[in-house]
Amino acid sequence: MPELPEVEIVARSLSELVEGLEIAAAALHREKLAPAFDPKEFARLLSGGRIDSVGRRGKHILFELSSNRTLIVHLRMSGKFVLLEPHEPNPKFTHAELFFPDERRLVFEDQRHFGYMNIAETDHVSDTPEISKLAPEPFSDDFNREYLTRVLSQTRRPIKDVLLDQSKVCGLGNIYAAESMFLARVNPAVPANRISAIKTGRLFTAIRHVLRESIEQGLKAMLDRTNIENRYFNGSSNGSWLVYDREGQPCVNCGRALKRMKQSGRSTVYCPRCQRK
Ligand SMILES: [Zn+2]
């Protein structure tokens, strides 16, 4: 599942590809993708707007249109965009299309059917249910040491759970939570309110570091309009994780075999020596 860096890479790639283009028409092929609208309404609301910008909030992609509407997209497990020329056929699981005046089209395909779209007035995007509860953006000034200290002090839940809670810390998923905790030498099971000030500071730095590094890696890869996600698979997820997906392999710090811990149905790989409780 894409986490913040992957969604950021997709958003930046889309902004390179479709910013400034007018949406001549739109089609919704799988109604559950945008449950608030029927296909007619979906097409009506998007048609005629120019794409002023493509951005991101949390793990959501935001297409801001000149018509004061914003298309909000969550890729979930397998949603992806491709920009196709008129002669190129649609992928098998095409769930929505945006058509441009030059007859190219932006296709949303989703093999596993978990993707989600909503359309909101641009001025009210931050009031929508998907955006309103999100914690501050990790690169914004509102996300700082004091904020993280306060959030962690308020709960006894294991730190791993808190890092995955998008209303507390925004943008982390299983991969970047594991990498951040390793860098900060924080045990995934430790109650959030028992983490020391020093470790909280390290965690804050680590969260920004792992996210930024991953975005930069991904953007180094070439942009392919028919395979945008290749950019982040080649970049961030290139197998250079410190702990994620490395159970049994030696810790890069101390050489001890990394272990896997299961919490709330999700597992975290960690170093039993570097990340002692
Ligand atoms: Zn270690």
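The values are calculated or read from the model by the stated rules, or taken from the named source; none is laboratory data. Bear in mind the structure is a predicted one, so any value in this text is a computation, not a measurement. Please note: Cβ atoms are built from the backbone with ideal geometry, for glycine as well, and neighbour counts cover all protein chains shown. Just so you know, the surface numbers come from the protein's heavy atoms only, side chains and all, with ligands and any DNA or RNA stripped out. Shrake-Rupley method; radii C 1.70, N 1.55, O 1.52, S 1.80 Å.
Things worth noting here:
- A single entry from 194, 212 fulfils the requirement of being more than 22 Å from residue 252 (Cβ to Cβ) and assigned by TED's automatic domain parsing to the domain that holds residue 253: 194.
- Residue match in segment 192-208 (condition: of a type in the set (A, V, I, L, M, F, W, C), farther than 18 Å from residue 264 by Cβ and in contact with a strand residue (DSSP E or B) (Cβ under 9 Å, 6 or more places away or on another chain)): no
- Residues located in segment 19-32, provided they are more than 8 Å from residue 96 (Cα to Cα) and not small (Gly, Ala, Ser): 19, 21, 22, 23, 31, 32
- Qualifying positions in segment 11-35 - under 22 Å from the mean Cα position of the chain (by Cα) and open to solvent by 10 Å² or more (accessible area, probe 1.4 Å): 12, 15, 16, 17, 19, 32, 35
- Selection count, segment 33-62, where residues are without any contact (Cβ under 8 Å) to a residue 24 or more places away in the chain and touching a helix residue (DSSP H, G or I) at 6+ places or on another chain (Cβ under 8 Å): 2
- Those helices (runs of 4 or more DSSP H) of segment 160-277 in which at least 1 residues are among the small types (Gly, Ala, Ser) and closer than 23 Å to residue 139 by Cα, considering only elements entirely within it, cover 174-184, 197-220.
- Screening residue 212 against (1) within 16 Å of the ligand (Cβ to nearest atom); (2) within 18 Å of the chain's Cα centre (by Cα) leaves a single unmet condition, (1).
- Condition met for residue 204 (within 11 Å of the ligand (Cβ to nearest atom), in contact (Cβ under 8 Å) with a residue 24 or more places away in the chain, within 24 Å of residue 165 (Cβ to Cβ) and open to solvent by less than 40 Å² (accessible area, probe 1.4 Å)): no
- On the stretch given as segment 167-186, residues that are closer than 16 Å to residue 252 by Cα and either in contact (Cβ under 8 Å) with a residue 24 or more places away in the chain or open to solvent by 10 Å² or more (accessible area, probe 1.4 Å) (or both) total 8.
- Selection status of residue 226, more than 30 Å from residue 14 (Cα to Cα), of a type in the set (Ser, Thr, Tyr) and either within 16 Å of the ligand (Cβ to nearest atom) or open to solvent by 30 Å² or more (accessible area, probe 1.4 Å) (or both): no
- Only residues that are more than 13 Å from residue 33 (Cα to Cα) and surrounded by fewer than 15 Cβ atoms within 10 Å (Cβ to Cβ) were counted in segment 80-121, giving 11.
- Top-ranked residue of segment 238-268 - restricted to ones that are open to solvent by 70 Å² or more (accessible area, probe 1.4 Å) and within 14 Å of the ligand (Cβ to nearest atom), ranked as nearest to residue 3 (Cα to Cα): 247
- Some residue of segment 86-93 being of a type outside the set (Lys, Arg), closer than 17 Å to residue 11 by Cα and out of contact with any His (no Cβ under 6 Å at 6 or more places or on another chain): no
- The residues of segment 125-158 that are part of a loop (DSSP other than H, G, I, E, B) and aliphatic (A, V, I, L, M), listed by number, are 134, 135.
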